[in-house]
Amino acid sequence: MSPDALFRLWQLHQIDAAIVEIRARAAGLDPGREIQREIDRLSQLLAGAQERYHQLAGEQADLELKQKGIDEKIAKFEKDLFSGRIVNPREVEAMQREIEMLRRQRGEADVRILELWDLVPPAKAESEALQRQIEEQQRLLAAHQKQVLQLKSKLEDAFKKRTAERPEAVSRVDPMLLTRYESIRKNHGGIGMTRVGKDQMCERCGTKVPLKGLELAKEGRLALCESCHRILYVSEAIA
């Protein structure tokens with residue numbers, strides 16, 4: 001085997017390595033999981049805040065309606081009481097007791113409404129603040145996903161380009177060497193070759209390459225890394 005044969009295999013390897021990297025980058029694209037988790041968290045908080053606000057606002061509305069009804073009853077009883085139409089002492093006493101009870105109910109409603117005046121605005125403000133936070137996170141998610149789609153498109157173009165380059169590179173490789181390479185590549189995550197660095201370390205697994213293996217690779221002969229079992233290649237710059 002000549003050094004040129006190993007160099008041609010190295011050229012094929014570079015294409016394959018690029019394809020593996022492109023696939024890994026595509027598989028690792030994040031659609032915005034962290035942002036979506038934050039949106040989900042805020043949405044749960046918003047649901048609770050909205051429920052509290054609606055309960056408080058609903059109670060306030062009910063009490064104000066109740067106040068109106070009490071005022072109308074008191075006004076009616078007082079009109080009947082002071083119209084002179086009711087003269088029976090027992091009826092007068094009963095009506096006065098009814099008015100007194102209604103005034104107590106009115107007072108209790110007043111106290112609670114005053115409390116609600118302090119509770120409803122903050123509850124509403126909390127809901128609105130959470131809603132704004134969700135909308136901001138949604139904008140961030142949309143922008144992130146736009147970037148991801150753009151990167152995905154670039155990766156797809158790069159994948160098509162590298163895939164198109166592969167057949168010609170394959171055709172230049174010695175068939176027997178190609179068979180060995182493909183077998184190794186199949187069993188090692190699509191990477192069947194590795195370069196020896198200036199420190200005589202395998203650049204794929206970091207194992208020190210023995211002198212014998214290094215000399216074989218420099219001569220363009222088949223040599224495998226003793227650790228990761230990939231075909232070794234020594235570039236001219238290192239050789």
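Checking the stated criteria, VAL170 turns out to be open to solvent by less than 80 Å² (accessible area, probe 1.4 Å) and more than 31 Å from the chain's Cα centre (by Cα). Within the stretch 132-151, is there a residue that is touching a residue at least 60 places away in the same chain (Cβ under 8 Å), farther than 26 Å from GLU21 by Cα and either in contact with a Cys (Cβ under 7 Å, 6 or more places away or on another chain) or not polar (S, T, N, Q) (or both)? Yes, the conditions are met somewhere in the stretch 132-151. Within the stretch 157-191, the set of residues being charged (D, E, K, R) and either without any contact (Cβ under 8 Å) to a residue 12 or more places away in the chain or not in a helix (DSSP H, G or I) (or both) comprises ASP157, LYS160, LYS161, GLU168, ARG172, ASP174, GLU182, LYS186. When residues in the stretch 107-118 are screened for being open to solvent by 60 Å² or more (accessible area, probe 1.4 Å) and either among the acidic types (Asp, Glu) or more than 47 Å from the chain's Cα centre (by Cα) (or both), 3 of them pass.
Against the conditions (1) open to solvent by 30 Å² or more (accessible area, probe 1.4 Å); (2) modelled with pLDDT under 95; (3) in a helix (DSSP H, G or I), ILE86 satisfies every one except (3). Taken together, LYS208, LYS198 contain a single residue that is more than 24 Å from ARG23 (Cβ to Cβ) and without any contact (Cβ under 8 Å) to a residue 12 or more places away in the chain, which is LYS208. In the stretch 19-37, which residues are crowded, with 17+ Cβ neighbours inside 10 Å and part of a helix (DSSP H, G or I)? Hits for the stretch 19-37 are ILE19, ILE22, ILE35. Does HIS229 count as in contact with a helix residue (DSSP H, G or I) (Cβ under 9 Å, 6 or more places away or on another chain) and farther than 30 Å from GLN36 by Cα? When the stated conditions are applied, HIS229 passes them. Residues that are under 32 Å from the mean Cα position of the chain (by Cα), surrounded by 15 or more Cβ atoms within 10 Å (Cβ to Cβ) and either charged (D, E, K, R) or not in a helix (DSSP H, G or I) (or both) within the stretch 38-65 comprise GLU38, ARG52, listed in sequence order.
Please determine, by comparing only the residues of the stretch 119-161 that are of a type in the set (Asp, Glu), under 27 Å from SER43 (Cβ atoms) and exposed (fewer than 15 other Cβ atoms within 10 Å of the Cβ), which one is farthest from the chain's Cα centre (by Cα).
Looking at the filtered set, the residue picked out is GLU128.
Within the stretch 185-221, the set of residues being open to solvent by 60 Å² or more (accessible area, probe 1.4 Å) and either more than 45 Å from the chain's Cα centre (by Cα) or at pLDDT below 90 (or both) comprises LYS198, ASP199, LEU211, LYS212, GLU215, LYS218, GLU219, ARG221. Sub-8 Å Cβ pairs linking a first residue in the stretch 94-118 that is farther than 17 Å from ALA57 by Cα to a second residue that is open to solvent by less than 40 Å² (accessible area, probe 1.4 Å) and outside any helix (DSSP H, G or I), at least 6 apart or interchain, are MET95/ILE86, ordered by first then second residue.
The values are calculated or read from the model by the stated rules, or taken from the named source; none is laboratory data. Note that the coordinates shown come from a computational prediction; the quantities given were computed from them, not determined experimentally. A quick note on method: Cβ atoms are made from the backbone with ideal geometry, for glycine too, and the neighbour counts reach across all protein chains shown. When the accessible area is computed, the model is the full protein with side chains, heavy atoms only, and any ligands, DNA or RNA have been set aside. Shrake-Rupley method; radii C 1.70, N 1.55, O 1.52, S 1.80 Å.
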